[in-house]
Amino acid sequence: MCGSVRADPGGGSPTPGRWVGVHHVGVTVADLERSLAFWERLLGTSGRDRRTLQGPQLATMVGYDGVRIDSGWIDLPGGVALELLQYLDRDEVPYDPGTAHPGNVHLCLAVGDMDAAHAHAVACGAKAVSERPIDVAAGPRAGSRLAYLRDPDGVTIELVQPPPPRGS
């Protein structure tokens, strides 16, 4: 039975029933070189830990016999890593990039200057979903600015600029 558990807000040691944090987000890509280049340009950082993964434990974990995966890591702002994975020897059809599809995920990056971040992402090769960022006029996110873009594999990147502090 799956009971209710709570994360340890103090980030304590891992114990049964306690989530301690997000380690990484993995994204399957069609072309690892292209994706690493995109994310390196976008974030102004270098990829790390580039290698080919293989072996019986990997095959058991991902459910594909004899699988080989090229992987590379990008450190995201805030301490979480993005793992990019290109499955070798498999010819899979990409998902449609629309965010309404069950199973679709997006990566949200907080930005300080929406216009500059949006323009930079587009210059790096991201495709904007809307012509320009939106300004949230009402509700719990009033004053925020939001935008969706797609990376070269169709993964949605959300940019969020929080509202200015009250009174400024």
From the option list Gly72, Gly63, single residue qualifying as assigned by TED's automatic domain parsing to the domain that holds Leu32 and touching a Lys or Arg at 6+ places or on another chain (Cβ under 9 Å) is Gly72
Can you list residue pairs whose Cβ atoms sit under 9 Å apart, with the first residue in region 95-118 being without any contact (Cβ under 8 Å) to a residue 12 or more places away in the chain and the second being surrounded by 12 or more Cβ atoms within 10 Å (Cβ to Cβ) and outside any loop (DSSP other than H, G, I, E, B)? Count only pairs 6 or more apart in sequence or on different chains.
Gly98/Thr156
In region 51-70, is there at least one residue being closer than 12 Å to Val29 by Cα, assigned to a strand (DSSP E or B) and modelled with pLDDT of 95 or more?
yes
Go through region 38-74 and give me each residue that's surrounded by fewer than 16 Cβ atoms within 10 Å (Cβ to Cβ) and closer than 20 Å to Val122 by Cα.
Glu40, Arg41, Gly44, Thr45, Ser46
Can you tell me which condition Asp153 does not meet? The list is (1) of a type in the set (D, E, K, R); (2) free of Cβ contacts under 8 Å to residues at least 40 places away in the same chain; (3) part of a loop (DSSP other than H, G, I, E, B), and all the others hold.
(2)
Asp89 - would you say it is acidic (Asp, Glu) and under 30 Å from Tyr64 (Cα atoms)?
yes
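The values are calculated or read from the model by the stated rules, or taken from the named source; none is laboratory data. Owing to the predicted nature of the structure, the values given are computational and were not obtained by experimental measurement. Glycine gets a Cβ as well: all are built from the backbone with ideal geometry, and neighbour counts include every protein chain shown.
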